[in-house]
1. Considering each of K157, K178, K113, K214 in turn, give the residue that is within 23 Å of Y80 (Cα to Cα) and out of contact with any Phe, Trp or Tyr (no Cβ under 8 Å at 6 or more places or on another chain).
2. Against the condition part of a strand (DSSP E or B) and assigned by TED's automatic domain parsing to the domain that holds K113, how does V181 come out, does it pass?
3. If L162 meets every condition in (1) closer than 22 Å to I74 by Cα; (2) in contact with a strand residue (DSSP E or B) (Cβ under 9 Å, 6 or more places away or on another chain); (3) at pLDDT 95 or above apart from one, which number is that one?
4. I'd like the full set of residues that are over 26 Å from L17 (Cα atoms), assigned to a helix (DSSP H, G or I) and not hydrophobic (A, V, I, L, M, F, W, C), limited to the range 144-159.
5. Of L162, L206, which residue is in a loop (DSSP other than H, G, I, E, B) and over 19 Å from L17 (Cβ atoms)?
6. Read through the list (1) within 16 Å of the chain's Cα centre (by Cα); (2) over 30 Å from K32 (Cβ atoms), then give the number of the only condition that Y80 fails.
7. Taking the range 183-197, which residues are farther than 19 Å from E85 by Cα and β-branched (V, I, T)?
8. Name the helices (runs of 4 or more DSSP H) wholly within the range 56-125 that hold at least 1 residues that are farther than 23 Å from N152 by Cβ, touching a strand residue (DSSP E or B) at 6+ places or on another chain (Cβ under 7 Å) and not assigned by TED's automatic domain parsing to the domain that holds E30?
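The values are calculated or read from the model by the stated rules, or taken from the named source; none is laboratory data. All of these numbers come straight from a predicted model, not from anything done at the bench. Here the Cβ positions follow ideal geometry from the backbone for every residue, glycine too, while neighbour counts run over all protein chains shown.
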Amino acid sequence: MKKGIIFDMDGTIVDSLPYHYKAWKIFFRENKVENFSDKLKDYKGGGTLDLMTAVYGDKYSRKELKIMTDDKEIIFRQIYKNNVEPIKGFMKMFEFIKSKKILVGLASNAIRKNVKMILNELKIYEKFDSIICGDEVKRGKPNPEMFDKTVNRFKLKKKECLIFEDSVEGVSAAVNSKVDVIGITSSTSGEVLRDRGCKLTLNDYLNFDISTVK
């Protein structure tokens, strides 16, 4: 069995993307942005500042866009808090992993405030051995930086670790890091995730036995 497990968060631990969409729609309506549905069609969570830049171009400075990004994330936390639910079977598998003294990390493009709120709602924030967030690295996924840093913190070899991801960007980051990756099909089809490099894909964790993964 693997000695270190690394999870993405949005779409992998929780199905939070519908609430991100709601938060974006509220933000865009309040800021009178038209045709926002087209701008959101490829959004898979994280990368909020990148989406703001794509929407507004050079209309605002980077500093101003960062303030606007924070406003959107405040909306997200307000509407998602008290509605956080784990993907089916995750909590049981998580407790099994912890019982086996396997190191557990989180590597997410989400900002720390979002990560802390969501994991605290699940009462597991303090149970992670490593947490690296999108606002704490120079390069987010698909760059492998946060996965590489997590493996280094674990002091393990990459072949001893396993990553769970739901997005093409996340799977690409895992492949770029040369760590085995399992795909969760909350936001992307199993076929696409396998084509990108997943060794297998799951709809949820209910019938998955992690002890069989070598």
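1. Of K157, K178, K113, K214, the one residue that is within 23 Å of Y80 (Cα to Cα) and out of contact with any Phe, Trp or Tyr (no Cβ under 8 Å at 6 or more places or on another chain) is K113.
2. The answer is yes for V181.
3. (1)
4. Kept after step one, since they are over 26 Å from L17 (Cα atoms), are these residues of the range 144-159: 151-159.
Subset that is assigned to a helix (DSSP H, G or I): 151-154, 158-159.
Passing the criteria: N152, R153, K158, K159.
5. L206
6. It fails just one condition, (2).
7. T188, V192
8. Numbers: elements: 62-80, 90-99, 112-121.
Correct list: 112-121.
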